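Written out below as structure tokens is the structure these notes cover.
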Amino acid sequence: MVGFMKEMLKYQDMDLEIKRLEGGLLDHTDRKNALRMQHILKDCQAKLVELENKSKETLKAYNQYKSVYNNMAKNLEVIEKNADTDNISKIEGLVEAIDAIVGNLTMLDKEMATIINYAEGVQAEYNSIMKNARTAKASMQKYKESFNEAKQETEKLIQSKKSELQKQASKVDSKLLQKYKQKATDNRKVVVPLVETKCGGCRMELSAGKLNVLKTQKVIECENCGRIIYIED
């Protein structure tokens, strides 16, 4: 292997290590857990807004039934006060009116009881959501603190390695380095050896003509994957 390729490979190894460290931060368990807790909090907030709307509707329905109930109760009192009569037909009419009002009051009692039970369910759901929200918030804070500590340490290490990488860049052929940077868009190796007669990256067979060029120039680009192929000693 020619000398300039050894420096290129060393640069690649250092660059991949930095990318691995940076990727490790994005994939850090505490970071993921903190984001998960954040999503739970957002979900809790959405549910609380929905519950608030339900509470308003329930209260409105309850007040409407309560108003009707009170009016009927007053009407019943008025009828009972006017029930002191000897007129049989009037008495029969009053009794029918009273029976109708009492029936309606009984029905309203059941409707109001249903609404009260529903409201109690809404309250219980609210308490549960608030409990989950408090737990998620506390957990998110814990995960954030833990991740920030790991992040600070890793970023110091990354900065140190980037300084070393910059020094190493001065030892690499400038044209080769430029090609490498253009192709190094992910964590895969860009510079790979020739394996028998195949690209060490995608394993595509090189033509006889390409092999001759490689032997002469020591470096070529794979026509299939675009990697930089070199010949090992």
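The values are calculated or read from the model by the stated rules, or taken from the named source; none is laboratory data. Bear in mind that the values here come from a model prediction, so they are computed numbers and not experimental data. All Cβ positions, even for glycine, are placed from backbone atoms using ideal geometry, and neighbour counts span all protein chains on display. The protein model used for the area step is the full one, side chains on, heavy atoms only, and it has no ligands, DNA or RNA in it. Shrake-Rupley method; radii C 1.70, N 1.55, O 1.52, S 1.80 Å.
Within the accessible surface of segment 183-233, defined with a 1.4 Å probe on protein heavy atoms only, the carbon and sulfur portion equals 45 percent. Sequentially through segment 186-196, phi angles give Karplus couplings (6.51, -1.76, 1.60; θ = phi - 60°) of 9, 8, 7, 6, 9, 9, 10, x, 6, 9, 6 Hz, Gly and Pro residues having no value and appearing as x. Compute the label zone of Lys189 within segment 15-37: residues whose backbone N is under 18 Å from the point 7 Å along Cα-to-Cβ. Correct set: 15-21. Per-residue Karplus couplings for segment 132-142, computed as 6.51 cos²θ - 1.76 cosθ + 1.60 with θ equal to phi - 60°, are listed in order as 5, 5, 5, 5, 5, 5, 5, 5, 4, 4, 5 Hz, Gly and Pro entered as x. Here Lys142 is the anchor, and the lysines within straight C-alpha reach of less than 25 Å, apart from those fewer than 8 places off in the same chain, are Lys32, Lys42, Lys47, Lys131, Lys151, Lys156.
Relative to the current alpha-carbon distance between Ala138 and Lys215, full extension at 0.36 nm per residue lengthens the span by 21.5 nm.
Rounded to whole numbers, the Karplus 3J(HN,Hα) couplings from phi for segment 161-170 are 6, 5, 5, 5, 5, 5, 5, 5, 4, 5 Hz, using 6.51 cos²θ - 1.76 cosθ + 1.60 with θ = phi - 60°, and x at Gly and Pro. Kindly flag which residue pairs out of Lys6/Lys218; Lys6/Lys171; Lys171/Lys210; Lys6/Lys210 have an alpha-carbon separation exceeding 20 Å in this structure. Pairs exceeding the cut-off: Lys171/Lys210; Lys6/Lys210.
Taken per residue, the accessible surface of segment 96-233 reaches 66 Å², heavy atoms only and a 1.4 Å probe.
Size descriptors for segment 114-194: radius of gyration and Dmax over Cα atoms are 26.6, 81 Å.
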